[in-house]
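The values are calculated or read from the model by the stated rules, or taken from the named source; none is laboratory data. Since this is a predicted model, take the numbers as computed values, not measurements. With ideal geometry, Cβ positions are generated from the backbone for all residues, glycine too; neighbour counts draw on all protein chains shown.
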Amino acid sequence: MTETLPMVVPEPGLPERVTIYEVGARDGLQNEAALVPTEVKAEFVRRLLAAGLPVVEATSFVHPKWVPQLADAAELMTGLTAELGDTARALPVLVPNERGLDRALELGLRHVAVFASATETFAAKNLNRTLDSQFAMFEPTITRALDAGLDVRGYVSMCFGDPWEGSVPLEQVVTAGRRLLDLGCHQLSLGDTIGVATAGHVRALVAAFEAAGVDRSRLALHFHDTYGQALTNVHAGLQAGVTTYDASAGGLGGCPYAKSATGNLATEDLVWFLTGLGIEHGVDLRAVVGTSVWMASHLGRPSPSAVVRALAESPA
Ligand code: HMG
Ligand code: MG
């Protein structure tokens, strides 16, 4: 029996390799109603690393009342650090503010991410801040992280639409993103928090950033798959030359403060798509599928990913 994989047919003009930034343990689990035991989370992270995922975002140092599912962030990272040492210290974690950064620094973690909103309403709902005052919260957080030798990713949410405000002008997103870069973020992840982006919109937003002097090499794209557009949007991103894509094993995910946010683009769907295009990603598809099937058994429901479903049923 041969391995079930797509035939490789490259498309001229696309990047040769991409980085998959795995967010399942953070964006995926933060929205789960049932509390996932810390040891299961640790096993999830270990399995994702073993599958070859180059970046595995592990958890969030946010207020435990705001995201109870990730209240065990310190316990998780302490356990992983004891076991994996610098490999665990290199796993990125979310920190919204200085308090979150302090908690990450206490554990010797090296990579943090702040998360901004492109809209006023979501800044209030997700961060209890105004659009403007969120940056006052990030400024000392980023400065202190950089002084401590960390690097800081910047997320921008609601880049393609907001459930309360509707469409979000490109310039508004570029302004929010530029502010994070000016504060010292090395990379911007443009979040389609509620999954409403379409391909032309993706190309237009990347072009708007480039017109504002932000090279595509500093951009990552973060799609949720609410309307089934995530892979089409990745294709548009690849055509625009973006080489980092966020994805979540099994398509877990959502945002507890944006009710219409559903699962992230599934890592397996992304890996299948990139494999067919002959784009290097370094990820063992079978190992991620096995991980998602295992995780689904803990969550009590099957993965929404078509690739997970198809491969889980086909022999290796
Ligand atoms: P706040 O209530 O304004 O906080 O929340 P505060 O600064 O007024 O502090 C109040 C109390 O909270 C204080 O304690 C602080 O110490 C404590 P007290 O003195 O009263 O005892 N506190 C903390 N404790 C632990 N860790 C912390 C922390 N910060 C303050 N970090 C805050 C402001 C930002 C903390 C809150 O709004 C929050 O935690 N929000 C997080 C929301 C969240 O995690 N959302 C999901 C992630 S974003 C996302 O999913 C989108 C993304 O995937 C991209 C996309 O899809 O678009 C990234
Ligand atoms: Mg997200």
Exercise. In the set LEU101, LEU127, LEU84, which member is farther than 26 Å from ALA258 by Cβ, of a type outside the set (Phe, Trp, Tyr) and surrounded by 15 or more Cβ atoms within 10 Å (Cβ to Cβ)?
Worked result: LEU84
For this session: Please find, among LEU48, LEU35, LEU91, LEU29, the residue that is in a loop (DSSP other than H, G, I, E, B) and within 15 Å of the chain's Cα centre (by Cα).
Result: LEU91
Problem set entry | Tally of residues being at positive phi and within 14 Å of ligand 2 (Cβ to nearest atom) across region 148-203 | 3
Problem set entry | Cross-chain or 6+ apart pairs with Cβ under 6 Å, region 82-104 first and free of Cβ contacts under 8 Å to residues at least 12 places away in the same chain, then acidic (Asp, Glu) and in a loop (DSSP other than H, G, I, E, B) | none
Seminar exercise, completed: The residue from SER292, SER314 that alone is under 20 Å from the mean Cα position of the chain (by Cα) and small (Gly, Ala, Ser) is SER292
For this session: Six or more apart or on different chains, Cβ under 8 Å: which pairs go from a residue in region 9-20 that's surrounded by 10 or more Cβ atoms within 10 Å (Cβ to Cβ) to one that's modelled with pLDDT under 95? Could you list them?
Result: none
Problem set entry | Given (1) of a type in the set (A, V, I, L, M); (2) in a strand (DSSP E or B); (3) more than 11 Å from ligand 2 (Cβ to nearest atom), number of the condition ALA247 does not satisfy | (3)
Exercise. Residues in region 42-52: is at least one within 16 Å of ligand 1 (Cβ to nearest atom) and either closer than 26 Å to MET137 by Cα or without any contact (Cβ under 8 Å) to a residue 60 or more places away in the chain (or both)?
Worked result: no
